[in-house]
Each structure stands twice: as C-alpha cells, then as structure tokens.
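Input: a single structure, listed below in structure tokens.
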Amino acid sequence: MRRQIREKLIERGLFGAASTSIIIVLLIVLFMVLEGCSAINFNFLFGYEWNPSHEKFGIVTIVISTFYIGLGALAISICIGIPSAIFLSEYAHETIRNIIKSSVEMLVGIPSIVLGFFGLIVLIPLIRENIGGRGESILAGWIILSIMTLPHIISLSEDAMRAVPNSFREGSVALGATKWQTVIKLILPNAKSGVLASIILGMSSAIGETMAVLMVIGNPNIPWIPNSILDQVRVMTSTIVIEISYAVWGSPHQQSLFAIGVVLFIFVAIMTSIARIVVKGEIRRKW
C-alpha cells in the first residue's frame, strides 16, 4: 500500500514538473495576446510605414527585413553546415570528428552579446573598409547569424546521417558505388528529414535572435525595405528592444510592440511545427 502511494506521488510530481514548462509558455503567450491583440488590424499587418511619432504602425517592412536577414544567414549556414556534417559523418576519423564536433557545439555556449560585440568591433570595420557602406548592414547580420545557426545545422544533420544504418553503406559499396555516390544517393535521402528539420529550426533561431543582430545591422529610425546587402535594416526583435523602453504603457505604440511579439511567436511556432511534421512524417513513411 505504501509503495503504491509513493509511486503515485512520484508520478504526480513528475507530471507537475513536466507541466510547468507548458504553463509558463501558456502564461507568456496569454500575456502577449492580451497586451497586443488590440493593435492587430489590417493597417498593422499590411502597412508599410512604421513611425510611432505619427501613430503609424505597419510592420510589412520590418517583417520583410527580418526574413531577408534570416534567409541570408540560413543560406550561408547551409552552404557551410551540410558539407561539414557530411565530412563529420562519413569521412572524418573518430579523433578529428570528436574535436570538430566539440568545437562546433561550443559555439552554442557563446553568449549572443559576445558575438554581437565581435561583430561590432571586428566585422563592421572590416566591411566598411574593404566593401563599403557604414559597416552596420545586412551583410554583417548574415555573418553573425550564420555563426549562431551553424551548430544547429551541423549537429542535427550529422546525427541524422549517422543514424542511417551501416548496412546501407556496406550494401552500396558492395554494388560498386563510390563513397561520394553513397553519400549523395543513399545517405542524404535517408537523412533528409533530420537535415530539413535542422534547417527549419536554424531559421526559427535566426529570426528570433535579438542582441547580436541589434548590434550589427544599424537599426534606422524609420524602417525601409533594403536594396543592398550593405543597407541598414530594422527587424522585429530589434524594434521591440529599442522602442519598448520609451513606449508609454497602454498606448497604441506599446500595444503594437506586443503585437510584433505575437507575430514573431506565430512565425517561430509555425516553423517549429513544420520541422516536427517533417520528422514525424518521415518516420511514419519508413516504418
């Protein structure tokens, strides 16, 4: 009897601990929705001008700039991350793999403010002196964000490739395929769910990043749609951080900033859900 009671208490305690994260997320979402839902209207979602001094709160230019920064950083990360994952999974000696994998995973532990400071001190002057512009630009944001998303893409993609059974590799080699042919025709197709999930999660991470982006993209007073990678831009996260300090509580300005948070949360939730659907769909197809 005592044993059953103890088991029940442990079970309920574990359930309560697991439910805590859900409750916290729901409370945060509820707070954002209550504070920002009144500002979400047609002009907010489809307006091109963000000018709080004139009571204009259109987020189209900010959203476009956000995805411009995120997609560019993701493209750089894919070009570096997927080949790196292939090397670690299929070509690297175990010792070299452990060293590189550990170094890559250490990037996750570097605070974003440190990477932003590196971009501010090193990267921006480098761009300004060798390429042009003011240095604070989309290009600087791409480079810093690509560094931050690389660990996600490399680690998840490499894990997905190593999860492919060795019997597949052995069978391919036995049929006369080269190492590279095995990777392209066999390993990548069977690991595509994990690779796609890593790309989607990398994109959501890039879109939601704040401090590193804030320090290197310039943040013009009036957001605009960029014409060059050397232009300064304003993204959703930096807009919230910059303006929340002087927005009057309860004003349309403050409510619009919370509404941006709601929109950003929806974007990230959608991309995370897509990643989960891709992975689950691939698992069901295989089994």
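Read-outs throughout are calculated quantities, based only on the coordinates presented, and are distinct from any laboratory measurement. In this text, all values refer to a predicted model and were calculated from it rather than measured experimentally. Positions of Cβ are backbone-derived with ideal geometry, glycine not excepted, and every protein chain shown enters the neighbour counts.
By the count of other C-beta atoms within 10 Å, a proxy for reagent exposure, Asp159, Asp231 are ordered fewest to most as Asp159, Asp231.
Taking the number of other C-beta atoms within 10 Å as the exposure measure, put Trp224, Trp142, Trp180, Trp249 in order starting with the fewest.
On the way: Trp224 17, Trp142 24, Trp180 11, Trp249 8.
With the sparsest Cβ surroundings first, the list reads Trp249, Trp180, Trp224, Trp142.
In terms of Cα atoms, the Rg and Dmax of segment 7-64 work out to 19.6, 62 Å.
Could you identify which residue out of Val173, Val164, Val108 has the top mean-square fluctuation in a GNM of the chain using Cα springs shorter than 10 Å? Result: Val173 has the largest fluctuation of those listed.
May I ask for the net charge around Ile124, where only other residues with Cβ less than 15 Å from the Cβ of Ile124 are counted and Lys, Arg are +1 while Asp, Glu are -1? Can you show the working numbers first?
Values: positive: Arg128, Arg134; negative: Glu129, Glu136, Asp231.
Surrounding charge for Ile124 is -1.
Counting every other Cβ atom within 10 Å of each residue's Cβ, His152, His93 order from fewest to most as His93, His152.
So who's got an amide H within less than 5 Å of the one on Phe57, skipping anything under 5 residues away but keeping other chains? H placed 1.01 Å off N, in plane. HN-HN under 5 Å from Phe57: Asn51. Shape class of segment 1-132 from the alpha-carbon gyration tensor: oblate, with a/c at 1.5 or above and b/c at least as large as a/b. Rounded to the nearest 10 degrees, what's the angle between the helix 60-86 long axis and the longest principal axis of the chain, both from Cα atoms, 0 to 90? For 60-86 against the chain, the angle is about 20 degrees. If you run the Gaussian network model on the chain, springs between alpha carbon atoms under 10 Å, then out of Tyr246, Tyr68, Tyr48 the most flexible one is Tyr246. Projected label points at Leu175 and Leu14, each 7 Å from Cα along the beta carbon direction, are separated by 4.3 nanometres. Relative contact order for segment 40-286: 27 percent, from Cα pairs under 8 Å spaced at least 6 residues apart, divided by residue count.
Ignoring aspartates and glutamates fewer than eight residues from Lys179 along the same chain, the ones with Cα atoms less than 20 angstrom from its Cα are Glu90, Glu94, Glu158, Asp159, Glu170.
In the chain, the longest principal axis of the Cα atoms and the axis of helix 252-286 are about 10 degrees apart.
Rounded, prolate or oblate: which fits segment 40-286 when a ≥ b ≥ c are the square roots of the eigenvalues of the alpha-carbon gyration tensor, with rounded for a/c under 1.5 and prolate only if a/b beats b/c?
Numbers: a/c = 2.78, a/b = 1.84, b/c = 1.51.
Prolate.
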